[in-house]
Amino acid sequence: MLRQLIGENIDLQIVCAPDIPEIRADMSQLESALANLVINARDAMPRGGRLTMETSEVVLDEAYATNHVGVKPGRYVRLSVSDTGIGMSQDVQARIFEPFFTTKEAGKGSGLGLSTVYGIVKQSGGNIWVYSEPGLGATFKVYLPVDAGDGPVAGPTEPAPGQWSNGTEAVLLVEDAPMIRRLAKQIMVRAGYTVFEAGDAHEAMRLAETQESIDVLVTDLIMPGPSGVELAEQLRHVRPDVRVLFMSGYTDNAIVRNGMLGESAAFLQKPFTPQDLLRKLRHVIEAQAI
């Protein structure tokens, strides 16, 4: 059905995680939500492109819930739908789930598709989040709570005392979203790292010129001005031994397939938990496979 919806000029890849837990939702409504997300992705790629659908189990912790109204900490199944289409500005993203809001020409869209998805997800006890950059496609992430059955669903677990909390290295953190930058810095500082923060690549390079030691670059992949990849290349000219961890709201499968990152690059998908960030950071520092 999905291939019939998208047409022959769009490459479809489905990446399902093994052994994900059950959720409780209305099957027909969930199929309707999925179809609307796929149609939205198709319409964003009038000349063809790639559509990537992924499932995984994630844990949303207290820190994430604090910064996202209506989200309860716990275990979720995440369904991601990513396209390589025209993307969206921040202003459009802020209104994307409003009923009757559409950026399509008159007569080519009712403006109800994504608002329908939003209603179905909320009715299922879940949440939906979108990440997009103009010209670089979009990723919609649906979070549906794991079915508790007859008992409570286990919430997020904190790392054991001292686990990943032995950082002594200097980290250059580059992120244009102030809330995410503030949260990431707080997590790393509490774990013992020295953190220098910047809002873009230009500011980051100025900081790099004034600091005696920078061991790790933790950078958003897509930012105003030079990208995270371009920043990493510039920084390695003056600090060839620096480790690099990229972050993005796009999924790892989507960014690799779209050529934004090589398969060997260290990558952290947003949103992330403190455990996710600290674990990835230690792996990068210790040069272990991610």
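Worth a mention:
- For GluC sites (Glu not before Pro), the sites in the stretch 1-67 that DSSP calls loop and that have at most 15 other Cβ atoms within 10 Å are E8, E22.
- Three-way shape call for the stretch 183-223 based on the alpha-carbon gyration tensor, with the a/c threshold at 1.5: oblate
- The listed residues V77, V69, V229, once ranked by accessible area (1.4 Å probe) with the largest placed first, stand as V69, V229, V77.
- Overall form of the stretch 164-290 per C-alpha gyration tensor (a/c, 1.5; a/b vs b/c): rounded
- Surface analysis of the chain yields an accessible area of 51 Å² per residue, using protein heavy atoms and a 1.4 Å probe.
- The region of the chain that goes longest without hitting one of the trypsin sites (Lys or Arg not before Pro) in a DSSP loop, each with at most 15 other Cβ atoms within 10 Å, is 109-290.
- Proximal charge balance of A25 [Cβ under 14 Å; K/R count +1, D/E count -1]: -1
- When the Cα positions of V216, N9, V58 are compared along the charge dipole of the chain, N9 comes out farthest toward the positive end, with charges on each C-beta of Lys, Arg, Asp and Glu.
- Of all accessible heavy-atom area on the chain, the percent that carbon and sulfur account for (1.4 Å): 50 percent
- For the residue pairs K122/K185; K72/K280; K141/K185; K141/K270, the alpha carbons lie more than 22 Å apart in K122/K185; K72/K280; K141/K185.
- DSSP beta bridge pairing in the chain, given as percent antiparallel to the nearest 5: 50 percent
- Theoretical ellipticity at 222 nm over the chain - DSSP helices of four or more residues, -39500 (n - 2.57) apiece, nearest 500: -9500 deg cm²/dmol
- Evaluating 6.51 cos²θ - 1.76 cosθ + 1.60 at θ = phi - 60° for every residue in the stretch 204-210, the Karplus couplings come out as 5, 5, 5, 5, 4, 6, 9 Hz, glycine and proline recorded as x.
The values are calculated or read from the model by the stated rules, or taken from the named source; none is laboratory data. A quick note: this is a predicted structure, and the numbers were derived from the prediction, not measured. Neighbour counts run over all protein chains shown; Cβ positions are idealised from the backbone, glycine included. All accessible areas refer to the heavy atoms of the entire protein, side chains included, with ligands and DNA or RNA removed. Shrake-Rupley method; radii C 1.70, N 1.55, O 1.52, S 1.80 Å.
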